[in-house]
Amino acid sequence: VEDSLRRNIELIPLKPTLGGKMEFGKIELISENWIIADYSDGHVEGTSIWKYKVAENGKVEFLIINSVEP
C-alpha cells in the first residue's frame, strides 16, 4: 500500500512551488483501511489522511479524507 501511494504523487493535494517536485515523506499505515502521509517539495509541505482499499485485481484505490498544511 505504501509503495502504491508513493507512485501516485498526483494524490498530493498541493502543487509544487519554485520549481520543486512534490514527494511523499513519512507514510504510516494506521489501520487496514487508513493511511497518513507527509509530503513536501522542499518549500511547502502538508499531511493528509486517505482511506484505501485493495481491489480484487490487487490495485490500491485511495480516497483523500482530510489535509493539513502547517
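FYI, it's all coordinate maths here, none of it is from the lab. Note that the structure is a prediction, hence the values are computed from the model and not measured. Methodologically, a virtual Cβ is constructed for each residue, glycine included, from the backbone with ideal geometry; neighbour enumeration extends over all protein chains shown.
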Glu32 fails exactly one of (1) in contact with an Asp or Glu (Cβ under 8 Å, 6 or more places away or on another chain); (2) loosely packed, with under 15 Cβ neighbours inside 10 Å, namely (1)
Query raised in the report: Is it the case that some residue within region 36-49 is without any contact (Cβ under 8 Å) to a residue 12 or more places away in the chain and of a type in the set (Asp, Glu)?
Result: no
Selection over region 16-53 where residues are more than 11 Å from the chain's Cα centre (by Cα) and more than 18 Å from Asn66 (Cβ to Cβ) yields a count of 10
The condition of being in a strand (DSSP E or B) and surrounded by fewer than 14 Cβ atoms within 10 Å (Cβ to Cβ) holds, among Gly42, Gly25, only for Gly25
By residue number, the members of region 28-39 that are part of a strand (DSSP E or B) and of a type outside the set (Val, Ile, Thr) are Glu28, Leu29, Trp34, Ala37, Asp38, Tyr39
